[in-house]
Amino acid sequence: MPPAHPFDDDKLKEECGIFGVLGTVDAANFVALGLHALQHRGQEAGGIVSYHPDHGFNSARRFGYVRDNFTSQKVMETLPGALSIGHVRYSTAGSKGQTAIRDVQPFFGEFAMGGAAIAHNGNITNADALRRELIERGSIFQSSSDSECIIHLMARSLQRNIPERMEDALRRVEGAFSVVAMTRTKLIGVRDPLGVRPLVLGQLPTGWVLSSETCALDIIGAEFVREIEPGEMVVITDAGVESHHPFRRQKSRFCIFEHVYFSRPDSILGGRSVYETRENIGRELAKEAPVDADLVCPVPDSGTPAAIGYSLESGIPYAMGIIRNQYMGRTFIEPTEQIRNMGVRLKLNVNRALIKGKRVILVDDSVVRGTTSRKIKEMILDAGAKEVHFRIASPPTAWPCFYGVDTPQREKLLAATMSEAEMTEHLGVDSLKFISLDGLYRAVGEAKGRDASSPQYCDACFSGEYPVKPADMIEKGFEMKAAE
Ligand code: SF4
């Protein structure tokens, strides 16, 4: 398993990426490439399932990076066929940091009408209740992953074919779910009724692709066709794409944090370039929170487009004041105390010649616990900066996410326990400002900002307003924000 990198406890982490291909020889090779392009969405483990009429269903599930597991001929030869799906994961609820290989997706179920494999991005917010009910009724679970509930619910459905059984199962599930699934002849994609997590459709000369993000279509030369709509199920065969709407129609609540941080900057979300949106966020931030300074520097890499936007809007020169060591990886990061204490210095180094004597604006995507921000501030001051001003490309993260993103418990989130002034003092910086929620909405294209009576996105980690009640967490004692 790849070791934790120095920021691992101080970033929100997307938990999964999903990818599927139908209609091309050795589809699993395309899936491996797609998963490689989605590696930023999960680095802990990956899995691929394929189907070949002569060899049936085959699967390979491994810990670690896609490039270390799904590039060997020996592994890929075990995954023949023109139909394949795959999954990369950080970790799902129930087994954080102690994943067993049985928790690695895709999951497989054998039904009377044939087998089906399924991979899921998101989080089922009523999984505990469903699991209890299914176990009482005789289901035997093999993993601690909540996604396995979907397979068991499908097994209990009385519908005659697999897509209909999947519809039945997903109607019982609450939360955020983008799903790719396959039978012997079909590739299936589904998004939850609010469309919280992304899923897009692409086309190859001889086939079809489903992917969490468009950047993974590019790597295999597939053309972007469209996003799967919130609440839509697509059933893809050699004959083409069929669209179903099995759920009650609801207003979309896509995850706004995908625009800020999770998605790759070369992806397109909702018809908008993620890179351009992040640059817009930087521009909004410069309008909302100007400060007199000499340089605008990104915290690499995720703060880069917003820092460029801030610089363009403010006219303050952009500079690479912090350099990321791209190759600091598995080889050197041994889990010894001495090396762990080096913390962010393993990954980032300050460009002293540039920083010395300067008033520096540092642009980062978010502040979660604040531990990394403090260390970076110390490094900048050690390098001789005169002033350090933090500008953050998201509003204060004050609430946990229950929709497929790994967040610390609420009391560990800096913004949950401190005001902006207290955070400024705690981090020891000259100033700290976050983009406002309205400013963020404007940057993603909502000219009038956030519609408070019916928000256009999910923004629960900032607002505390959860579009789907996190039932399991409430049962475990989580307290929702009191109604205003
Ligand atoms: S709570 Fe935050 S991270 Fe989670 S889905 Fe909503 S906006 Fe995205």
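The values are calculated or read from the model by the stated rules, or taken from the named source; none is laboratory data. Here the structure is a predicted model, which is why all the values come from computation and not from measurement. Cβ placement follows ideal geometry from the backbone for every residue including glycine, while neighbour counts extend to all protein chains displayed. The area values use the complete protein model at the heavy-atom level, side chains included, leaving out ligands, DNA and RNA. Shrake-Rupley method; radii C 1.70, N 1.55, O 1.52, S 1.80 Å.
Sort out for me the helices (runs of 4 or more DSSP H) sitting completely within the stretch 345-436 that have 1 or more residues that are over 29 Å from the mean Cα position of the chain (by Cα).
Numbers: elements: 352-355, 371-382, 414-417, 420-427.
Result: 352-355, 371-382, 420-427.
Restricting to the stretch 31-43, give me the number of residues that are free of Cβ contacts under 8 Å to residues at least 60 places away in the same chain and buried (at least 24 other Cβ atoms within 10 Å of the Cβ).
Kept after step one, since they are free of Cβ contacts under 8 Å to residues at least 60 places away in the same chain, are these residues of the stretch 31-43: 31-32, 39, 42-43.
The next check asks that each one be buried (at least 24 other Cβ atoms within 10 Å of the Cβ); those that pass are 31-32, 42.
Count: 3.
In the stretch 380-406, which residue that is surrounded by fewer than 17 Cβ atoms within 10 Å (Cβ to Cβ) and not basic (Lys, Arg) is nearest to the ligand (Cβ to nearest atom)? Before you say what the answer is, go through the steps one by one.
Just the residues of the stretch 380-406 that are surrounded by fewer than 17 Cβ atoms within 10 Å (Cβ to Cβ), to begin with: 382, 384, 386.
Next, only the ones that are not basic (Lys, Arg) stay: 382, 384.
Numbers: ASP382: 33, GLY384: 37 Å.
Among those that are surrounded by fewer than 17 Cβ atoms within 10 Å (Cβ to Cβ) and not basic (Lys, Arg), it is ASP382.
Among the listed residues GLU284, GLU276, which satisfies the condition of being assigned to a helix (DSSP H, G or I) and open to solvent by 50 Å² or more (accessible area, probe 1.4 Å)? Even if it seems obvious, please write down each step before you answer.
Details: GLU284 fails: open to solvent by 50 Å² or more (accessible area, probe 1.4 Å).
Result of the check over GLU284, GLU276: GLU276.
Contact list please: Cβ distance under 7 Å, first residue in the stretch 240-269 and under 28 Å from HIS36 (Cα atoms), second residue among the small types (Gly, Ala, Ser) and surrounded by fewer than 18 Cβ atoms within 10 Å (Cβ to Cβ), pairs at least six apart or on different chains.
Taking only residues 6 or more apart or on different chains, the pairs are PHE254/GLY270.
Could you tell me how many of the residues in the stretch 193-229 are closer than 16 Å to ASN29 by Cβ, among the β-branched types (Val, Ile, Thr) and open to solvent by 10 Å² or more (accessible area, probe 1.4 Å)?
Adding up the residues that qualify gives 3.
Taking the residues in the stretch 180-202 that are within 16 Å of the ligand (Cβ to nearest atom) and among the hydrophobic types (A, V, I, L, M, F, W, C) as candidates, determine which candidate is farthest from LEU38 (Cα to Cα). Reasoning before the result, please.
Of the residues in the stretch 180-202, the ones within 16 Å of the ligand (Cβ to nearest atom) are 191-199.
Checking the rest, the ones that are also among the hydrophobic types (A, V, I, L, M, F, W, C) come to 194, 196, 199.
Details: LEU194: 22, VAL196: 17, LEU199: 12 Å.
Ranking the qualifying residues of the stretch 180-202, first place goes to LEU194.
For the stretch 232-258, how many residues meet the condition of being within 16 Å of the ligand (Cβ to nearest atom), touching a strand residue (DSSP E or B) at 6+ places or on another chain (Cβ under 9 Å) and not in a strand (DSSP E or B)? Walk me through it before giving the result.
Our first condition is that a residue be within 16 Å of the ligand (Cβ to nearest atom); within the stretch 232-258, this holds for 250-258.
Right, trim to touching a strand residue (DSSP E or B) at 6+ places or on another chain (Cβ under 9 Å) and you get 252-258.
With the extra rule that they be not in a strand (DSSP E or B), the set shrinks to 252-253, 256-258.
Final tally of qualifying residues: 5.
If ALA289 satisfies every condition in (1) touching an Asp or Glu at 6+ places or on another chain (Cβ under 7 Å); (2) of a type in the set (Gly, Ala, Ser); (3) away from the ligand (no atom under 16 Å from the Cβ) but one, which is the exception?
(1)
Here are some conditions: (1) within 16 Å of the ligand (Cβ to nearest atom); (2) within 26 Å of PHE177 (Cβ to Cβ). LYS476 meets all but one. Which one does it not meet?
If we test LYS476 against (1) within 16 Å of the ligand (Cβ to nearest atom); (2) within 26 Å of PHE177 (Cβ to Cβ), just (1) comes out false.
Give the stretch 54-88 a look and list any residue that's assigned to a helix (DSSP H, G or I) and either touching a strand residue (DSSP E or B) at 6+ places or on another chain (Cβ under 6 Å) or open to solvent by 50 Å² or more (accessible area, probe 1.4 Å) (or both), or say none.
Matches in the stretch 54-88: VAL66, ARG67, ASP68, ASN69, GLN73, LYS74, VAL75.
Looking at the stretch 436-467 only, could you name the residues that are acidic (Asp, Glu) and under 20 Å from ARG197 (Cα atoms)?
Quick first cut of the stretch 436-467, residues acidic (Asp, Glu) only: 438, 446, 451, 459, 465.
Across the stretch 436-467, the qualifying residues are GLU446, ASP459, GLU465.
Looking at (1) near the ligand (Cβ under 10 Å from one of its atoms); (2) out of contact with any Pro (no Cβ under 7 Å at 6 or more places or on another chain), which is the only condition CYS458 fails?
(2)
Could you please find all residues in the stretch 13-37 being over 26 Å from SER145 (Cα atoms) and of a type in the set (Asp, Glu)?
Within the stretch 13-37, just ASP26 meets the criteria.
Restricting attention to the stretch 259-272, and to residues there that are open to solvent by less than 30 Å² (accessible area, probe 1.4 Å) and touching an Asp or Glu at 6+ places or on another chain (Cβ under 8 Å), which single residue is farthest from the ligand (Cβ to nearest atom)?
Applying the first criterion (open to solvent by less than 30 Å² (accessible area, probe 1.4 Å)) to the stretch 259-272 yields 259-260, 262-263, 267, 269.
The next check asks that each one be touching an Asp or Glu at 6+ places or on another chain (Cβ under 8 Å); those that pass are 260, 262-263, 267, 269.
Values: VAL260: 9, PHE262: 7, SER263: 11, SER267: 15, LEU269: 12 Å.
Among those that are open to solvent by less than 30 Å² (accessible area, probe 1.4 Å) and touching an Asp or Glu at 6+ places or on another chain (Cβ under 8 Å), it is SER267.
When the residues of the stretch 126-173 are narrowed to those that are in contact (Cβ under 8 Å) with a residue 24 or more places away in the chain and acidic (Asp, Glu), which ends up farthest from PHE478 (Cα to Cα)?
Restricting to residues being in contact (Cβ under 8 Å) with a residue 24 or more places away in the chain and acidic (Asp, Glu), the top hit is GLU167.
Residues are listed down the side, and each one gets a yes or a no for (1) modelled with pLDDT under 95; (2) of a type outside the set (Phe, Trp, Tyr); (3) more than 18 Å from PRO290 (Cβ to Cβ); (4) crowded, with 16+ Cβ neighbours inside 10 Å:
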{"position": "LEU312", "(1), (2), (3), (4)": "no, yes, no, no"}
{"position": "ILE316", "(1), (2), (3), (4)": "no, yes, no, yes"}
{"position": "ILE323", "(1), (2), (3), (4)": "yes, yes, yes, no"}
{"position": "TYR327", "(1), (2), (3), (4)": "yes, no, yes, no"}
{"position": "THR331", "(1), (2), (3), (4)": "yes, yes, yes, no"}
{"position": "ASN341", "(1), (2), (3), (4)": "yes, yes, yes, no"}
{"position": "VAL344", "(1), (2), (3), (4)": "yes, yes, yes, yes"}
{"position": "LEU348", "(1), (2), (3), (4)": "yes, yes, yes, yes"}
